[in-house]
């Protein structure tokens, strides 16, 4: 069943678990189709091609029949999986890694990801150059604690090569019951030798928003950054808001944290808005968040598959219009996170610090299908208020700061943001 309009508006932009690509326009009415017989002896629904489409399925049924008749282990053939595989293959033929068919299990997992609770290691995965790549480890998860970084290539999972895998296959292999372990062979960016990491799975509970208000001297995250001593000698107060995704509960979580910050603000010197390792989420969530900082104007525009253009404007009255702010981004900032960063940059509302973002500028519309499966179709491309497209290019920061040292007390990007706010 197609999602209601209110849900379809939640165009899914994130790459988080791009699960299986493919599709074929027919449905088998029962799982138990006689594999050794011709298709006419099975139960088939919607066998005919849609009106106006001339498609010859004789080759498909010929292969189906031959598998059922000659395959050495016919009893192992699962007709439902064969159907899903065929559908996956059709959708994959579009050549777009974001247009995907999701079998029921993967569709449920995708929704759970946006809901913020699942079992696994806590890493957002994607495809880049047809290889499995880490978009971002989630904060406070086994993946982050083990040392997984944005842009890590996953070469093996439990000693099985990942070359040619879909993201769905990688997700299925990496996820598992809390307390069990998985070994990943990773190649860090700009390094030559892969490493093995054994990671114990856990229940991943991911808060959308984290905030604090501190005097600079109390900010332990910058203690080990060279030159931080001068910053920490200041008595100024800095607010910090970190957004990890644009999910089902993000808006309500965000409002609570904003109120918490404002209740403590006193004489705030400025705000650091952290979008690092945020892989995206719902488009409407990006408009909601951007509206916290912008009084008016366009947040993003979308060009649809029919050529029409749709503009999304600031849609509510925010509470953080005037506070000086710096936005942090990195390679793990994608899709909806890039929309917000691009809007704040184009409206000259904030300076951007960090690394060039991932570069995903396409829009996926999710639909639920019969039996619990799902289909995500790329239906448009989006552009920043100044008309710029970041697809495959990303958002370039105003001030580039690479995070060379991955230590909790050596956040050079955060230190640079604070330095700018104190000027």
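Which members of the stretch 345-363 meet the condition of being more than 21 Å from the chain's Cα centre (by Cα) and part of a loop (DSSP other than H, G, I, E, B)? Selection gives 347, 348, 349, 350.
Among helices (runs of 4 or more DSSP H) entirely within the stretch 218-329, having at least 2 residues that are over 25 Å from the mean Cα position of the chain (by Cα) and under 25 Å from residue 418 (Cα atoms) singles out 228-232, 250-263.
Out of 183, 162, 166, 172, I need the residue that is surrounded by 12 or more Cβ atoms within 10 Å (Cβ to Cβ), within 21 Å of the chain's Cα centre (by Cα) and farther than 19 Å from residue 129 by Cβ. Which one? Talk me through it step by step, then tell me what you get.
Details: 183 fails: within 21 Å of the chain's Cα centre (by Cα); 162 fails: farther than 19 Å from residue 129 by Cβ; 166 fails: farther than 19 Å from residue 129 by Cβ.
None of the other options fit; the residue is 172.
Can we say residue 390 is buried (at least 20 other Cβ atoms within 10 Å of the Cβ), assigned to a loop (DSSP other than H, G, I, E, B) and either at negative phi or in contact with a strand residue (DSSP E or B) (Cβ under 9 Å, 6 or more places away or on another chain) (or both)? Considered against the rule, which asks whether it is buried (at least 20 other Cβ atoms within 10 Å of the Cβ), assigned to a loop (DSSP other than H, G, I, E, B) and either at negative phi or in contact with a strand residue (DSSP E or B) (Cβ under 9 Å, 6 or more places away or on another chain) (or both), residue 390 comes out as yes. If the condition is being exposed (fewer than 14 other Cβ atoms within 10 Å of the Cβ) and outside any strand (DSSP E or B), then the stretch 188-216 contributes 189, 190, 191, 192, 193. Checking 168, 228 one by one, the residue that is in contact with a helix residue (DSSP H, G or I) (Cβ under 6 Å, 6 or more places away or on another chain) and within 30 Å of residue 81 (Cβ to Cβ) is 168 and no other. Checked against the criterion of being touching a residue at least 40 places away in the same chain (Cβ under 8 Å), under 20 Å from residue 384 (Cβ atoms), buried (at least 24 other Cβ atoms within 10 Å of the Cβ) and in contact with a strand residue (DSSP E or B) (Cβ under 9 Å, 6 or more places away or on another chain), the stretch 303-313 has no qualifying residue. With respect to the conditions (1) modelled with pLDDT of 90 or more; (2) at negative phi, residue 179 lacks only one, and its number is (2).
Scanning the stretch 395-423 for residues that are free of Cβ contacts under 8 Å to residues at least 60 places away in the same chain and under 22 Å from the mean Cα position of the chain (by Cα) returns 396, 402.
In the condition set (1) at pLDDT 90 or above; (2) surrounded by 19 or more Cβ atoms within 10 Å (Cβ to Cβ), residue 256 is compliant with all but (2).
Given the condition farther than 25 Å from residue 85 by Cβ, in contact with a helix residue (DSSP H, G or I) (Cβ under 6 Å, 6 or more places away or on another chain) and buried (at least 21 other Cβ atoms within 10 Å of the Cβ), answer yes or no: does some residue in the stretch 138-146 qualify? No, every residue in the stretch 138-146 fails to be farther than 25 Å from residue 85 by Cβ, in contact with a helix residue (DSSP H, G or I) (Cβ under 6 Å, 6 or more places away or on another chain) and buried (at least 21 other Cβ atoms within 10 Å of the Cβ). Would it be correct to say that residue 151 is surrounded by 15 or more Cβ atoms within 10 Å (Cβ to Cβ) and either under 26 Å from residue 394 (Cα atoms) or in contact (Cβ under 8 Å) with a residue 40 or more places away in the chain (or both)? Considered against the rule, which asks whether it is surrounded by 15 or more Cβ atoms within 10 Å (Cβ to Cβ) and either under 26 Å from residue 394 (Cα atoms) or in contact (Cβ under 8 Å) with a residue 40 or more places away in the chain (or both), residue 151 comes out as yes. Sub-7 Å Cβ pairs linking a first residue in the stretch 239-263 that is more than 22 Å from residue 204 (Cβ to Cβ) and in the same structural domain as residue 325 (by TED's automatic domain parsing) to a second residue that is surrounded by fewer than 17 Cβ atoms within 10 Å (Cβ to Cβ) and at pLDDT below 90, at least 6 apart or interchain, are 239/265, ordered by first then second residue. Taken over the stretch 217-239, the criterion of being under 24 Å from residue 142 (Cβ atoms) and crowded, with 17+ Cβ neighbours inside 10 Å is satisfied by 221 alone. Within the stretch 196-213, not a single residue is without any contact (Cβ under 8 Å) to a residue 24 or more places away in the chain, touching a helix residue (DSSP H, G or I) at 6+ places or on another chain (Cβ under 7 Å) and in the same structural domain as residue 322 (by TED's automatic domain parsing).
The values are calculated or read from the model by the stated rules, or taken from the named source; none is laboratory data. Quick caveat, the model's predicted, so the values are computed rather than measured. Cβ sites come from the backbone with ideal geometry, for glycine too, and all protein chains shown count toward neighbours.
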